[in-house]
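Please read the structure below before turning to the comments.
Quick note: the coordinates plus some simple rules give every number you see, no bench work behind them. Computed from a predicted structure; not experimentally measured. Neighbour counts are summed over all protein chains in view; Cβ atoms, including those assigned to glycine, are modelled from backbone coordinates with ideal geometry.
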Amino acid sequence: MLDILPMWAEAANIGPFLPLAFAGLGASIGVGIVGGKAAEAVGRNPSAFGNILVMAIIGMALAEAIAIYGLIIAFSK
Amino acid sequence: MELMHLLAAEELTVNANPFFPNMTWFTNSMVVTVIVTVLIIIWARQSTQKMELVPKGAQNLFEALVEILYTTFEGVVGKRMIPKVFPLIATLFIFILAANWFGLVPGVGTIGFGKLREGFLSLEEMYQPLLRPVNTDLNMTLGMALFFMLWWVIWTVQEVGVIGFLKHTFEPKGGVKGFLWFALLPLFIFIGVIEFFSIAIRPVSLSFRLFGNIFAGETLLHSMSTLGANLPVPLNWVSLVLFPLPFYFLELLVGVLQAFVFAMLCAVYIKLSTGFEGDGAH
């Protein structure tokens with residue numbers, strides 16, 4: 001009963017790409033949140049642009065790494 | 001003779017291919033590593049041959065690069081640690097940047113050995129490129145990440161000592177004393193174990209982030225190039241050049257970004273474990 005989603009994925013022949021889809025969803029939302037908060041912070045204090053940029057890039061890279069793990073799993077199966 | 005199928009390199013294999021047939025450990029991405037290193041060294045040495053007081057040209061470029069990197073990482077790591085860690089982090093940044101951009105030079109990853117079809121200049125399928133971008137090989141990125149983690153351990157032990165590192169990880173924080181310290185100790189030991197595990201997973205995440213981005217970019221470029229392979233003759237040559245063009249610029253940007261993120265994360269990890277000297281009321 002609980003494996004409806006993997007069964008549908010196999011039936012539609014997209015088996016290895018299901019984890020990639022979820023990872024991509026989560027990573028996109030995460031990167032969008034970090035970017036939005038960074039824009040808001042620069043709006044509050046425009047002179048801190050350099051520090052905010054560095055921290056935002058680190059946050060986006062860490063959030064995006066999970067989607068990269070999903071991509072590797074999807075393309076190596 | 002028909003020039004219908006001239007597009008090569010449908011897919012990139014995850015493992016890099018050997019360069020000479022009998023030496024299986026010397027892969028085609030290692031050859032590119034040697035080429036990139038030699039190019040960087042030759043260019044750097046030649047442009048700083050006669051140092052002038054007011055720099056211009058290539059010497060100006062290298063001076064600006066080193067100075068920007070120095071001030072950026074000094075802001076992260078702190079003035080005390082920066083003389084020790086700057087060579088490694090700046091080398092990682094410059095090498096990864098040059099390696100990523102060298103993988104976009106025409107010919108790297110697209111010229112190679114394959115299965116020929118009949119006809120002049122036509123390849124049906126290529127299974128071994130002659131030169132392959134450096135960071136598409138997981139061995140390279142894993143080697144860089146492990147080498148950085150080795151030096152992270154050495155620098156942490158030099159700065160705070162093994163006892164200091166264990167205390168910083170497992171001790172109850174917040175200035176609690178007396179009975180509350182002992183009551184909170186099991187909780188903080190549990191947190192310390194989780195933090196220890198997250199430190200141990202750092203080489204994996206560093207290497208997989210760089211490998212995944214560059215490998216996925218290379219596969220994307222190959223797929224976009226061979227997308228219009230079944231169109232009639234002038235259209236399939238036009239699509240070979242036109243379709244990967246926006247992704248080419250994306251790969252330029254991703255190359256810079258991933259080099260910067262790798263070096264910046266290394267600096268942040270060093271700061272996290274050595275940045276606590278001299279402050280703290282306990």
Original post:
Can you tell which of B:E195, B:E67, B:E52 shows the greatest fluctuation in a Gaussian network model of chain B with Cα springs below 10 Å?
Top reply: B:E52
Subject >> A:A21 versus B:V238: modelled label distance in nm, points set 7 Å from Cα along the beta carbon direction >> reply: 3.6 nm
Subject >> B:A183-B:L227 pseudo-label distance in nm [points 7 Å out on the Cα-to-Cβ vector] >> reply: 6.3 nm
Subject >> Those lysines that a straight Cα-Cα span of less than 17 Å connects to B:K79, excepting residues fewer than 8 apart in one chain >> reply: B:K271
**OP:** Could you work out how far helix A:49-75 tilts from the main Cα principal axis of chain A, as a 0 to 90 degree angle to the nearest 10?
**Re:** 10 degrees
Original post:
Where is the GNM fluctuation largest for chain B (alpha-carbon springs, 10 angstrom cutoff): B:E63, B:E74, B:E159?
Top reply: B:E63
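Run the numbers on the stretch B:28-274 and let me know its relative contact order in percent, using alpha-carbon pairs under 8 Å that are six or more apart.
On the way: 223 pairs, mean separation 62.0, N = 247.
This gives 25 percent for the stretch B:28-274.
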Subject >> Residue with peak Gaussian network fluctuation, chain B [Cα springs, cutoff 10 Å], from B:A263, B:A99, B:A64 >> reply: B:A64
Subject >> Label point distance in nm, A:A11-B:T37, each placed 7 Å from Cα along Cα→Cβ >> reply: 5.5 nm
